[in-house]
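A short worksheet on the structure shown next.
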Amino acid sequence: MLKSFAARNFRCLVDFELHNLARVNLLVGDNDVGKTALLEALFAHLSQANPAAFAILKAFRRGGAPVDETFWQEFFWNLDDSTDIRLSSVDAGGRERETKFTVGETVQITVSVPPASGSNIPIPAIRPLGSVSFRPLRVEYQDGTREEPVRNEVVFNPSLPGFVPQHRIEPDLPAYFFSTAGLPEPQTVATQLSKLVVNKQELDLVNLAKVMDERIQGLSVASPRGLSEVFVDLGDPHLFPLTAMGSGVLRAIGIAAAVLVYAAGVVLVDEIEDGIYYKRLSEFWNMIHEMAKRSGAQIIATTHSAECVSAAMEAITPDLKDADPLRIYKLVRGKRLPIPYEKESLKSAVEFMAELR
């Protein structure tokens, strides 16, 4: 579990620090103050020497920029990719992790196409279309357990789909990011549910599903169309695909599955209240917190909802296992440190909501 995090020159976070992180952490604040950027910085950092994380983040934001020398600029403060991005953290055990992202020198890439399939016209095996200028993204990662930092680079290979890192490195602190760009991939949720079934943990997920929709009696994984899918038992003669349910149900189940599967990891959620009916938020938070305690996962989420914050304050309470389970931070544009709100210092939920807004 992370206790602190710092970001330098990442998007709008020119010099930002976050301290005293808890089991559950809520980030609030105005639009464009850096809440989503902070989650993205955490995701890039916890990807640990995998610069392809930036390509994933571009896809989350549905960026359609052409592949050229400016491809990575949006991640650098003020679009200045001559300055390194530096991300660092300290976990509850005192272990320090540091990540540095840089952009390399310009290279020329020849873009080619294969011959037309089934053509009986003799043409060259590969036909060049032209070349593009591209600057590779490089990462250097150090966690204090290595004599030398791990170095990696992501390159654009026109013959392969997307961007490819030179080395595949398994992170020691797994992270999962829920963007607002879309719902969780159905196959991902099916894989996670399968793991929970094997470990006899699926009941937690079923109970949360019932909180989201009281008609739900069970969840199962099947592949009638070739790909694994999650199906919902609503008490009818046949099961329904989870994708046929409301988006809030699918997203809540996806978040809960990640909390259980990514044991001792970090689950990042942008606008966690999205799609969840406000009257169900308190029980949602209570169950998610209990799951996180059992799995050892940490949750860092953003919200624009005062009801979501109020429900979290009501549902997440200290106990012997988790004396400080909830932290709320308000990000302010241009400020190095967020404003921390501690539950004990709040005079009333009404006052807090007024400050939050």
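Points worth noting:
- Those strands (runs of 3 or more DSSP E) of region 1-114 in which at least 3 residues are surrounded by fewer than 23 Cβ atoms within 10 Å (Cβ to Cβ), considering only elements entirely within it, cover 2-10, 13-19, 85-91, 96-103, 107-113.
- For region 176-191, a tally of residues being under 19 Å from SER220 (Cβ atoms) and either part of a helix (DSSP H, G or I) or without any contact (Cβ under 8 Å) to a residue 60 or more places away in the chain (or both) returns 7.
- When SER194, SER220 are screened for being in a helix (DSSP H, G or I), among the hydroxyl-bearing types (Ser, Thr, Tyr) and modelled with pLDDT of 90 or more, only SER194 passes.
- Which listed residue, of GLY248, GLY254, is more than 17 Å from ALA292 (Cα to Cα) and within 21 Å of the chain's Cα centre (by Cα): GLY248
- Matching residues, region 247-287, being more than 23 Å from VAL197 (Cβ to Cβ), part of a helix (DSSP H, G or I) and not acidic (Asp, Glu): SER247, GLY248, TYR278, LYS279, ARG280, LEU281, SER282, TRP285, ASN286
- Test: SER282 is within 27 Å of PRO171 (Cα to Cα), surrounded by fewer than 23 Cβ atoms within 10 Å (Cβ to Cβ), in contact with a helix residue (DSSP H, G or I) (Cβ under 7 Å, 6 or more places away or on another chain) and free of Cβ contacts under 8 Å to residues at least 40 places away in the same chain: no
- One residue from LEU219, LEU203, LEU173, LEU234 being free of Cβ contacts under 8 Å to residues at least 12 places away in the same chain and either surrounded by 13 or more Cβ atoms within 10 Å (Cβ to Cβ) or not assigned by TED's automatic domain parsing to the domain that holds ARG61 (or both): LEU203
The values are calculated or read from the model by the stated rules, or taken from the named source; none is laboratory data. Values in this document were obtained by computation on a predicted structure and should not be read as measured data. Glycine gets a Cβ as well: all are built from the backbone with ideal geometry, and neighbour counts include every protein chain shown.
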